[in-house]
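Read through the structure below, which is laid out as structure tokens, and then see the notes.
Where a number appears in this text, it was derived from the coordinates with a stated rule and is not lab data. Quick caveat: nothing in here was measured; it's all calculated off a predicted structure. Cβ coordinates were reconstructed from backbone atoms using ideal geometry, including for glycine residues, and neighbour counts include every protein chain displayed.
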Amino acid sequence: MKVQAVNFRQYAPHFSANYSKENNVAILGSSKATKSETVLEAMDQAAWITKELVLSGKNVITGCGSKGVMGAAYYSAAEHSTKDENGRPEQNVVILKRPFWGDEDFTNCTIFGSEKTEAARIERFIETADSFIIFPGGPGTLQEATTIISNNYYDKENAKNIYLVGSGYFEGLDEQYWEMYAEDLINCPPNELYTIVDDVDEILEQINKEK
């Protein structure tokens, strides 16, 4: 299926009210079908918080994957979203990567655009959302997490709200940042760059406070 990319900047005035950055929450994590208890728990958490975010009026942005954490967030957003005149879920927003992975669902979402590389797609996420909820995932998820954290460090005026879900899973990443801080390689404590949580209720409370 051929998907026409949408230039977000071109449509920014049209999207300004409903699709402003502060109203967009990106959910990232594993896009794999797996029996991992860590990922299965993350899928349940992603589905729940996506539902609550959408019902509170937020838009949820994912990479359009239909499996794993991405699929759980995608279908939860699609189910609970308001629909446009064509029946597409308006609050289930996706940013695609070309070439496609093969597990995308193009029919139940609003497409913001597509990028040729993962790095470019991460930049599009950063341009489009102010809050990020990052669940356990593979190398792509870690690339997304570290890039967005770096954005917070180097561009503090445009810092994002970053929530890493799973203290056990992200323990190693957190230790690495604290080691950098101890060695004076970064000049602020890591907990100023991101927040690690186990209970997604905390995230919902924080995001709703930012309204």
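Using a simple charge model, +1 on the beta-carbon of Lys and Arg, -1 on the beta-carbon of Asp and Glu, nothing else, what dipole does the chain show about its Cα centre, in debye to the nearest 20?
1140 debye
Would you mind getting me the FRET efficiency between LEU142 and LEU55? Use the beta-carbon distance for r and R0 = 30 Å, nearest 0.05.
With R0 = 30 Å, the Cβ-Cβ based efficiency is 0.50.
Distance in nm between label sites at GLN176 and ASN86, each 7 Å beyond Cα in the beta-carbon direction?
Taking the simple label geometry, GLN176 and ASN86 are separated by 4.0 nm.
Which shape class, rounded, prolate or oblate, goes with region 82-128 when its Cα gyration tensor gives a ≥ b ≥ c as root eigenvalues, a/c under 1.5 marks rounded, and past that a/b bigger than b/c marks prolate?
oblate
List the trypsin sites (Lys or Arg not before Pro) within region 41-131 that DSSP assigns to loop and that have no more than 11 neighbouring Cβ atoms inside 10 Å.
Sparse-neighbourhood loop trypsin sites (Lys or Arg not before Pro): LYS116.
How much net charge surrounds LYS116 when only the other residues with a Cβ under 10 Å from the Cβ of LYS116 are counted, with Lys and Arg +1 and Asp and Glu -1?
Net local charge, LYS116 excluded: +1.
Using a simple spin-label model with points 7 Å from Cα along the Cα→Cβ vector, what separation in nm is obtained for LYS209 and LYS21?
2.1 nm
Taking K and R as +1 and D and E as -1, what net charge do the other residues with C-beta under 13 Å from the C-beta of THR141 add up to?
Neighbourhood net charge equals 0.
Any idea how far the Cα center of region 43-120 sits from the one of region 161-176, in Å?
Here the answer is 23 Å between Cα centres.
If r is the Cβ-Cβ distance from ASN187 to ALA33 and R0 is 35 Å, what FRET efficiency results, to the nearest 0.05?
0.25
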